Amino acid sequence: MSQLLRTVFLVDLLQGLWATFKNQKPSLAVTEQYPQERPAVAERFRGAPRLNTHPDTSETLCISCNLCALACPEQLIVVTSQRNPETKRKDLTTFTYDTSRCMFCGLCEDACPVDALELTQDFELATFTREGQIWDRQMLEEGPLPTEYKF
Amino acid sequence: MEEILNNPYVVPLIFTLLIIALFPLMAGYIVLIERKVLADLQVRLGPMRVGPYGLLQPLADAFKLMLKEDIIPAGADKALFWLAPVVSTFTALSAFAVLPLSDVFYIADVNIGVLFILAVSSIGVLGAILGGWASNSKYSLMGSLRSAAQMVSYEVPLGFALVTALMVAGTLSMQGIVYAQLERGMWGAFENFGLMIVPTVVFLIASVAETARAPFDLPEAESELVAGFHTEYSGFRFALFFLAEYASIFVISGIAVTVFFGGWLRPFPNVEWLAMPLNVAFPLLLFIGIGAGCVYLLRGLILPEQRAVLAGVAGLCFLLGAAFAVPMVNEKIIGLLWFVLKVGVLVYLFIWYRGTFPRLRYDQLMDFGWKWLIPISIGALIVNAVALLVLR
């Protein structure tokens, strides 16, 4: 009997309507207005690579050991260096990193003995050309500069 | 000047042109409201980018639709393909001819008003059928078959519900129905010792099906049929179908308001002391409240263009509020306000249904129409007729 009454007076439908009605506050919206509001990525997120420099002298921390290039499963890192005759150490000349082939596995930063190469939390890696995906040393040290939008 | 205005064709002609010119804009804003309300129901934001809080989105959409390439499929029947959206839009808009938007703002008050609307909206089905047939596409044809079956079968309970209401009101003229409600001091929905509530509910359900809106939107079930009868349409032709859909929503809500919810009358039209608070204080508060809300929202905006648009909207609201404070203007437009508010509530109801109910299966739809709505509406007709005879 009560089931019949529920059907006749459309109680289930009204319950459904009430459920949607009370959840329609705009403040409940979970939408992120992307360029205005940026998502907080996870703490261990692996994004754009960065070649760290010394904070005081702004010299590169990289010792050109080539371990990252060897660790990379995609072999997309190319490190070239020159032996400095005075200090007997290798000086970094070029460092290229092809982000178009990178799968952000993080093996390169694990391999780095001096924490010079690091995957940061930046995720805006889009470029207008394929060549733009291949980052040189300057790009790696400065980081990507995405367009700033005004709202 | 006086002579021109006294000509019986001039004022209706002006109103006709006004409606044809303004309704596309209004339909655009109904779409915006629909998108915003639906977004709220689905915990989203909806359009936010074009204009402040998406306020200019309808204009952007209109420009997009007009500038888009107009594709006619290779195998299409060109003449019918051209004709279908015209038929849809024409029939949907011509129903406005007898819709009383207020006591002064109406085009014609004919003594067969309701009949005219039913006739014209039935021709609207033809647009859907022609569009689906002429597209020469399976999806379109399936969609148009479905919409034809659906619209034809839901027209029956819709008609019976209307007949019941007409019986109680005692007239077919749309203005006459409103005046009958004024005379009896009661909305059509509560007439006849509360028995009219059944036809009202039947009408509300059948009108959702008649306009093919969710949960009865089988003709354009996206997951099965791409978009139904207007799958192959693009650009301006698609815009015409879209316009027709929203015009028919507005018209059917307008009929429901006129017949069941007192038309352009304010609530409790016979209670004298409510005239001041409802006809003057309420619109004043409403528009000033909206304006104040816009001013409050201004602080969230940075771009000067967007701030200017929102400030303009706020100014418009204050202006409208001020217009309602002038007794002479108030008299002329208060009916329109109540009509639009009531239609707005019904349109909100349509959107609310869409945000809540899942789509019916095709056989469920037909079962519901033929096995439930039609018998209920016939029963309600008989019961109301008996009650009228015996009790009144």
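General remarks:
- Restricting A:Ala42, A:Ala29, A:Ala116 to those that are surrounded by fewer than 10 Cβ atoms within 10 Å (Cβ to Cβ) and either within 32 Å of the chain's Cα centre (by Cα) or closer than 25 Å to A:Pro144 by Cβ (or both) reduces the list to A:Ala42.
- Flag for A:Ser2 being under 20 Å from A:Pro144 (Cβ atoms), exposed (fewer than 11 other Cβ atoms within 10 Å of the Cβ), without any contact (Cβ under 8 Å) to a residue 24 or more places away in the chain and more than 20 Å from the chain's Cα centre (by Cα): no
- The stretch A:119-132, residues that are within 18 Å of the chain's Cα centre (by Cα) and under 17 Å from A:Val78 (Cα atoms): A:Leu119, A:Gly132
- Hey, A:Ala19 within 14 Å of chain B (Cβ to nearest Cβ) and either modelled with pLDDT of 85 or more or crowded, with 17+ Cβ neighbours inside 10 Å (or both) or not: yes
- Residue within the stretch B:352-359 that is within 14 Å of another protein chain (Cβ to nearest Cβ) and hydroxyl-bearing (Ser, Thr, Tyr) present: yes
- Candidate set: the stretch B:347-392, residues that are touching a Leu at 6+ places or on another chain (Cβ under 8 Å) and of a type in the set (A, V, I, L, M); chosen: the one surrounded by the most Cβ atoms within 10 Å (Cβ to Cβ): B:Ala380
- Selection of the stretch B:229-242 for residues being within 29 Å of B:Pro157 (Cα to Cα) and touching a Pro at 6+ places or on another chain (Cβ under 6 Å) yields B:Leu240, B:Phe241.
- Close contacts from the stretch B:1-25, counting a first residue that is without any contact (Cβ under 8 Å) to a residue 24 or more places away in the chain and a second that is loosely packed, with under 10 Cβ neighbours inside 10 Å, with Cβ to Cβ under 8 Å and a gap of 6+ residues or different chains, come to B:Val10/B:Ile4; B:Val11/B:Leu5.
- When each of B:Arg266, B:Arg237, B:Arg299 is tested for being surrounded by fewer than 16 Cβ atoms within 10 Å (Cβ to Cβ) and either within 14 Å of chain A (Cβ to nearest Cβ) or in contact (Cβ under 8 Å) with a residue 40 or more places away in the chain (or both), the lone residue that passes is B:Arg299.
- Subset of the stretch A:125-151 that is over 25 Å from A:Thr80 (Cβ atoms) and in contact (Cβ under 8 Å) with a residue 40 or more places away in the chain - its residue that is surrounded by the fewest Cβ atoms within 10 Å (Cβ to Cβ): A:Tyr149
- Matching residues in the stretch B:266-311 - criterion: being within 21 Å of B:Arg49 (Cβ to Cβ), within 28 Å of the chain's Cα centre (by Cα) and aliphatic (A, V, I, L, M): B:Val309, B:Leu310
- Qualifying position, being more than 14 Å from every other protein chain (Cβ to nearest Cβ) and in contact (Cβ under 8 Å) with a residue 24 or more places away in the chain, among A:Ala42, A:Ala48: A:Ala48
- Flag for B:Glu245 being away from every other protein chain (no Cβ under 14 Å), in contact (Cβ under 8 Å) with a residue 24 or more places away in the chain and not hydrophobic (A, V, I, L, M, F, W, C): yes
- Of all the criteria given as (1) over 23 Å from A:Pro146 (Cα atoms); (2) among the polar types (S, T, N, Q); (3) in contact (Cβ under 8 Å) with a residue 12 or more places away in the chain, the one not satisfied by A:Gln75 is (3).
- Within the option set A:Phe95, A:Phe104, being within 17 Å of A:Asn66 (Cβ to Cβ) and either touching a strand residue (DSSP E or B) at 6+ places or on another chain (Cβ under 8 Å) or of a type in the set (Asp, Glu) (or both) holds for one residue only, A:Phe95.
- Identity of the residue in the stretch A:22-33, within 7 Å of another protein chain (Cβ to nearest Cβ) and in a helix (DSSP H, G or I), that ends up nearest to B:Gly46 (Cα to Cα): A:Pro26
- Taking the criterion of being touching a helix residue (DSSP H, G or I) at 6+ places or on another chain (Cβ under 9 Å), aliphatic (A, V, I, L, M) and more than 14 Å from chain A (Cβ to nearest Cβ), the residues of the stretch B:45-72 that qualify are B:Leu55, B:Leu56, B:Leu59, B:Ala62, B:Leu65, B:Met66, B:Leu67, B:Ile71, B:Ile72.
- Strands (runs of 3 or more DSSP E) wholly inside the stretch A:34-151 that include at least 2 residues being aliphatic (A, V, I, L, M): A:77-83, A:117-119
- Test: residue in the stretch B:220-235 that is of a type in the set (Asp, Glu), closer than 29 Å to B:Lys78 by Cβ and at pLDDT 85 or above: no
- Residue within the stretch B:29-44 that is touching a Ser or Thr at 6+ places or on another chain (Cβ under 6 Å) and either away from chain A (no Cβ under 14 Å) or aliphatic (A, V, I, L, M) (or both) present: yes
- Taken together, the criteria exclude A:Gln24 from residues that are at pLDDT below 90 and surrounded by fewer than 13 Cβ atoms within 10 Å (Cβ to Cβ).
- Only helices (runs of 4 or more DSSP H) whose full extent lies in the stretch B:295-392 are considered here, and none of them has at least 3 residues that are on the phi > 0 side of the Ramachandran plot and in contact with a strand residue (DSSP E or B) (Cβ under 7 Å, 6 or more places away or on another chain).
- Among the residues of this structure, B:Gly75 does not count as one that is small (Gly, Ala, Ser) and within 14 Å of chain A (Cβ to nearest Cβ).
- Listed conditions (1) farther than 30 Å from B:Met48 by Cα; (2) of a type outside the set (Gly, Ala, Ser); (3) surrounded by 13 or more Cβ atoms within 10 Å (Cβ to Cβ) are all met by A:Gln75, apart from (3).
The values are calculated or read from the model by the stated rules, or taken from the named source; none is laboratory data. Quantities reported herein were computed from a predicted structural model and do not represent experimental measurements. Cβ coordinates were reconstructed from backbone atoms using ideal geometry, including for glycine residues, and neighbour counts include every protein chain displayed.
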